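First the structure, in the form of structure tokens, and then the observations on it.
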Amino acid sequence: MGHVNITLNGKNITTDSNKTILEVARENGIFIPTLCHDNRLEPYGSCRVCLVKVKGARTYLPSCSTKVMDGMVIDTEAPDVKNARKMSLSLLVSDHFGDCVSPCSQRCPANIDIQGYIALIADKKYQEAVKLIKEKLPMPLSIGRICPHPCESVCRRNKVEEPIAINNLKRFVADYDLSTGNPYIPEKEPSKGKKVAIVGSGPAGLTAAYFLAVKGYDVTIFEREEKAGGMLRYGIPEYRLPKDILDKEIELILSLGINIEYSKELGKDFTVDDLKKQGYSAVFLGLGAQKSMNMRVEGEDTEGVESGIGFLHRVAEKRDMPDLKGKKVIVVGGGNTAMDAARTSLRLGASEVLILYRRTKKEMPANDYEIEEAEEEGIKFKFLSAPIKISKGQKGLNVECINMKLGEPDTSGRRRPIPIEGSNYTMQCDLLIKAIGQRPDLSSLTNEKLVSERNRLMADPETGTTSDPFIFGGGDCVIGAATAVEAIAGGRKAAYSIDQYLTTGKVNPYSKEFIISKGKLEEIPDEFFSVYERENRVKMPTLAVEDRIQDFRQIELGLSEEQALKEAKRCLECGCNEGFSCKLRDNSTEYNVKEDDFKGAVNHFPDFNNMTANHPVILREPNKCIKCGICVRYCDEIKGLDVFGFVKRGFETEISPYFYHELAETSCDFCGGCADACPTGALSINPFTPKPGPFKTETVSGKCIHCSLHCDLEYKVYENSLIRVSAVNTNGENDGSLCVRGRYEYEYLKPENRETNYLFITGSLKNKIDKNRAIERAVEFLKTSKKTAVITSTNLSTEEYENIHRLASIINGDLFHIPFDTGEGTNHLENGICLTGKSSYLKTTMSGLVVPSLDEIEKSDQIVVFNAMPARNFPILEIKIRKAVRKGSLLFTINDTPIQIESISNMSLRFNRRYFNDFISTLGSLIVTNSNVVDEEAKNHFSSINTNNEIAYLMRIKPDKLKSFALNLLKSKNPVFIIDEDRTDIEILENFIFFTRLFKNAKLLPLSKGMNPAGALKYKTKNSNSTFTLDSDILRGYDTLILMKTPWINTESTQNIIHIDFKPLENYGGNAVFMPASSILETGGEVYNYMGNAIRIEKLLNAPESVDNSTELLNNLIQKL
């Protein structure tokens, strides 16, 4: 290894000559993007995203595969280098068919993570769903009732049958959250010591106040009315939005410490300049658009003509309520205000209500459901007609109208109405309500430069900034009369801008993340939806028409929990599983890549997103594949499975499992390493939730709890839920790989998969009891017991072992530890053999032997695997063995059953296990005879054994081959011997340990299952110097059992059972007290790894409310005794 001097971005650096430019750049804190690079694999350079400029080179060079050379001058930041990277990314994106973000979320004016909150509903995480909604929209109770839900118009479920009831689900969780009595309120940041004024308490103003208060500002709202809410209160009828619901939502917002001053009108009671003088650092104007637009027809000021918003306002105030019994009402307009005014008139007793609209029904801007409900209630419509004159008649009003026809589209996109000459006609009515639109009233502003020609506040709709740095604005006064959800979006954006301005002195435009889409609904081939079963949308329960028109009761009654869960499960999960972790998306955002930088053909493979069931845990979406080959190389170089390969050539190249099999039909062992390595969403791991979210998870580094290797890993956590587990792509002992258990076996932590209540069980009857009563019953069992057995698995923390040992000592019980197939939360009993009988051999016969680390296994020159199945029980160990073989290590396997690594072994012996001991003895005797063994005890152990050729023949091994095998073993300088002690009888284990001691520098790895077998061995147990099978005959001698995380035990002959675990047994032989166990991930604790070193498992999650810390639970039980 030599050293070279290079120049990197103008900096002189001395580094190792065997390093790549990428490695050196990273060591010096210089970021170079890459997609196809993985530290564990040989450089490939296929993505061309890591290009750099090297002086003298004819072209740009891939930094991942180019080694540094002496005198190299490298530039990673030159504009032309960045353009070259952008071109590479743009080319990859041009053949990328997928949805970074779900269409519904993109269409939502407030940009709510719709797919995320629906996924949380499907997982019964209702308050978490509300929390996610409130990251963008603080008023789900109100908006869940009135939103026009444009998101549903782009829902991909439309291509199957009907869209998801997105808004109804939003209302469900908001109502549920309120009903708990402890609704979600966000935590506030520390006070920033600055005041912000909000003018107007409509949806925009309340939203701005909410987010500013959360950010730590002292917020005061100035409202001209006597109550808050703006158009939500005074423009939307009670039957759509009950005011007690609105009041509760406003209370939640104000509970953040927001002050509100009522009956304070801008321009009358104060000015913007006054606010500045009072020490406010900024002001947000949320003035709305509450001035009615005129129809510009003769006589519209006649008595009996009223504006829609004025009419709704006085009804909301219950002031001067109109008596419309037996009267006829005409409403002019086609928007939601017109519908609300018409339906309100009906509830006030009008005998006939007619809506007059100058276009056709198709062009009406009102929500479709509003129009349908108005029709259901008997409201009449007259289309292609408009008033041209209003006059006072003998009875009410005479309204002269003219018929219309549609011409060419106008600026709104709708066809322009054209009067038809000579088609005039006259109608009579008692009240005419004009509802053709409204506009802002900005007469209160003294700075005319802030007002546009269209009488709107001149503010940037994306940031809320104006030409005056003190003034911000949002909502209808900026964009014109729109929806409440659009006003909320404006209020939130302005709040973030105000925070930016008051923190940094400037406002930066929002940086938009790269988003690619499969396209509009009509652009996506029907084949992508053909596999989904039709399942109709859950209908919102409503009041019957004949009931609802009698008063102002809320029409929509809300979804039940059962309905909400059913509807949430209909979601197609369009947004990418890796939407928050996709390297292609991150780099495309960084380099300002656009979806249409390059236009051309796009490969459309079958939509594997629809075929998740074909593989239980790995989601494969070939349309998102960039052909970097990282999955092919990982599966080959690391796993040796060769599941993936390149198929076809040129543009049609794709990566597929061999013979186009589904992934589940291949030799894939589900390890998920390919998905961890994949830089896009082409391969991803299905989460532990019913729906994937995806969620912005917190990454917590930790240790695996499923065996004593305790591999490094990363837990992905969201709102106290474990979403998925990933490998750490580092050079740690497990080389960034995980086995199936370490990655997936956490389902037992979910509330629906565990029992969280204390139970008293008699026969088939399970009765819930409280903790104190459970402890009392357990103490009664123990005090009356004649003989008690205490049985644990090897999956307890050291703290739990300490307390269970104390408990066994106090009651004079017999303590047993049983090895289980896997870690905490599992119930696969290997063979029922009591573990601790073997501990004495590990302490005595292993004298002088060293347990190798995984890295030492990789560096050994010879590996002997005896009676062990690494691929099945310790897959990470198998990866290390494969790496050692690739580096030249010899591999020998001796087993009674086929194992995967036989294919790469130098010699593989397989025979009946009844010959194991004879084989070891024969081999040991050959070693002693043919070498100078230093270990006298081991030498004496085998000296008395004569080489038995008959044994060799019984094992179908020629004696010469057996001798050759022995002599080969003697050539090793640092051999490693591996044995699975859980599968091995103690006599054979003892013999094998002595055999290992025959070799100089030998290391022995005795494998044992469970999270903490070494921790279990610290405590003396029943029959600690022998081994036996813990069967029903032995258990029959005990009248009481204490079971600790040992789900599979035969208790048919036991009188009383105390069971501490994640789930009760299906049947108990006698009376049982069940106590819910906590996980070490919920408490933290100490364990011992395979080398006998103590390590700390940190607390990751909070246990369910009714589940106590198991260590403390045992302590409580001990104290009662």
>> Filter K264/K512; K194/K291; K194/K268 down to the pairs with a C-alpha to C-alpha distance above 30 Å, please.
In response: K264/K512; K194/K291
> Between region 15-81 and region 856-930, what's the alpha-carbon centroid distance in Å?
Replying inline: 41
> Shape call for region 230-301 from the C-alpha gyration tensor, a ≥ b ≥ c root eigenvalues: rounded (a/c under 1.5), prolate (a/b greater than b/c) or oblate?
Replying inline: oblate
> About its Cα centre, how strong a charge dipole does region 3-77 have in debye, to the nearest 20, once Lys and Arg get +1 and Asp and Glu get -1 at the Cβ?
Replying inline: 200
>> Between helix 243-254 and the chain, what is the angle of the helix's C-alpha long axis to the longest principal axis, kept within 0 to 90° and rounded to the nearest 10?
In response: 60
>> Based on alpha-carbon centroids, what's the gap between region 202-228 and region 102-155 in Å, whole number please?
In response: 22
>> I need to check one value: relative contact order of the chain, counting alpha carbon pairs closer than 8 Å and at least 6 residues apart, in percent.
In response: 10
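Taking 0.36 nm per intervening residue step and subtracting the Cα-Cα distance, what contour gain separates E535 from F598 on full extension?
Length gained between E535 and F598: 18.8 nm.
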>> Among S65, L1081, Y1019, whose Cα projects farthest towards the positive end of the dipole of the chain, with charges put on the beta-carbon of Lys, Arg (+1) and Asp, Glu (-1)?
In response: S65
> If each residue's Cβ is checked for other Cβ atoms within 10 Å, how do T1111, T699, T20 rank with the fewest at the top?
Replying inline: T699, T20, T1111
> Of all DSSP beta bridges in the chain, what percent run antiparallel (nearest 5)?
Replying inline: 45
> Taking Cα centroids, how far is region 333-385 from region 738-771 in Å?
Replying inline: 55
> When only DSSP loop residues count, what trypsin sites (Lys or Arg not before Pro) in region 439-524 have their Cβ near at most 12 other Cβ atoms within 10 Å?
Replying inline: R454, K506, K512, K520
>> If neighbour count is taken as other Cβ atoms inside 10 Å, put I433, I791 in order from fewest to most.
In response: I791, I433
> Which one of V101, L356, L312 is farthest out on the positive end of the charge dipole of the chain, using unit charges on Cβ (Lys, Arg +1; Asp, Glu -1) and the Cα centre as origin?
Replying inline: V101
> Given the Cα-Cα distance of K859 and E453 and 0.36 nm per residue of separation, how much length would full extension add, in nm?
Replying inline: 138.3 nm
> For the pair E1066 and R1036, what calculated FRET efficiency results from E = 1/(1 + (r/R0)^6), where r is the Cβ-Cβ distance and R0 = 30 Å, to the nearest 0.05?
Replying inline: 0.90
> With the dipole of the chain worked out from charges on the C-beta (+1 for Lys and Arg, -1 for Asp and Glu) around the Cα centre, which of P387, A119, Y510 lies farthest toward the positive end?
Replying inline: Y510
> Pairing the Cα long axis of helix 203-214 with the longest principal axis of the chain, what angle in degrees results, from 0 to 90 and rounded to the nearest 10?
Replying inline: 40
>> Take V740 and F31, extend 7 Å from each Cα along the Cα→Cβ direction, and tell me the distance between the two endpoints in nm.
In response: 3.9
>> List the trypsin sites (Lys or Arg not before Pro) within region 268-346 that DSSP assigns to loop and that have no more than 12 neighbouring Cβ atoms inside 10 Å.
In response: K268, R296, K318, R319, K325
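If r is the Cβ-Cβ distance from S667 to N729 and R0 is 22 Å, what FRET efficiency results, to the nearest 0.05? Please list the in-between numbers first.
On the way: r = 23 Å, r/R0 = 1.06.
After rounding to 0.05, the efficiency reads 0.40.
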> Evaluated at 10 °C with a viscosity of 1.306 mPa s, what Stokes-Einstein diffusion coefficient in µm²/s does region 3-77 have when Rh comes from the Kirkwood expression over alpha-carbon pairs?
Replying inline: 130
> When the helices in the chain are scored as -39500 (n - 2.57) per DSSP H run of 4 or longer and the sum is shared across all residues, what 222 nm value do you end up with, to the nearest 500 deg cm²/dmol?
Replying inline: -8000 deg cm²/dmol
> So which trypsin sites (Lys or Arg not before Pro) in region 172-210 pass both tests, a DSSP loop state and at most 14 other Cβ atoms within 10 Å of the Cβ?
Replying inline: K188
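Could the peptides 438-448, 538-548 be put in order, highest first, of the mean number of other beta-carbon atoms found within 10 Å of their residues? Before the final figure, lay out each step's value.
Values: 438-448: 16.7, 538-548: 14.2.
Per-residue Cβ counts within 10 Å, averaged per peptide and sorted highest first, yield 438-448, 538-548.
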> Roughly what would the spin-label model give for K392 and N111, points 7 Å off Cα along C-beta, in nm?
Replying inline: 5.5
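Could you order peptides 403-416, 860-873 by the average number of other Cβ atoms within 10 Å of their residues, highest first?
860-873, 403-416
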> Rounded to the nearest 20 Debye, what is the dipole magnitude of region 839-1008 about its Cα centre when Lys and Arg each give +1 and Asp and Glu each give -1 at the C-beta?
Replying inline: 620
> Say each of N812 and A544 gets a label point 7 Å from the Cα, pointing the same way as Cα to Cβ; how far apart are those two points in nm?
Replying inline: 7.6
> What are the radius of gyration and Dmax of region 414-549, computed over its Cα atoms and given in Å?
Replying inline: 23.5, 65
> Any idea what angle helix 875-886 forms with the longest principal axis of the chain, computed on alpha-carbon atoms, 0 to 90 degrees, nearest 10?
Replying inline: 60
>> How big is the dipole moment of the chain about its Cα centre under a simple scheme where the beta carbon of each Lys and Arg is +1, that of each Asp and Glu is -1, and everything else is neutral? Debye, nearest 20, please.
In response: 1260
>> Test of understanding: express the Cα radius of gyration of region 304-447 as a ratio to 2.2 N^0.38 Å, with N the residue count.
In response: 1.08
> Want the number for E987 to N906: 0.36 nm per residue separation, take away the alpha-carbon distance, what's left?
Replying inline: 26.4 nm
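Order these by the 10 Å Cβ neighbour count, fewest first: F284, F172. All intermediate terms of the calculation are to be shown ahead of the outcome.
Working: F284 30, F172 26.
Neighbour counts put them in this order, fewest first: F172, F284.
Each value in this text was obtained by applying a stated rule to the coordinates, not by laboratory testing. Values in this document were obtained by computation on a predicted structure and should not be read as measured data. Using ideal geometry, Cβ is built from the backbone for each residue, glycine included, and neighbour counts are taken over all protein chains shown.
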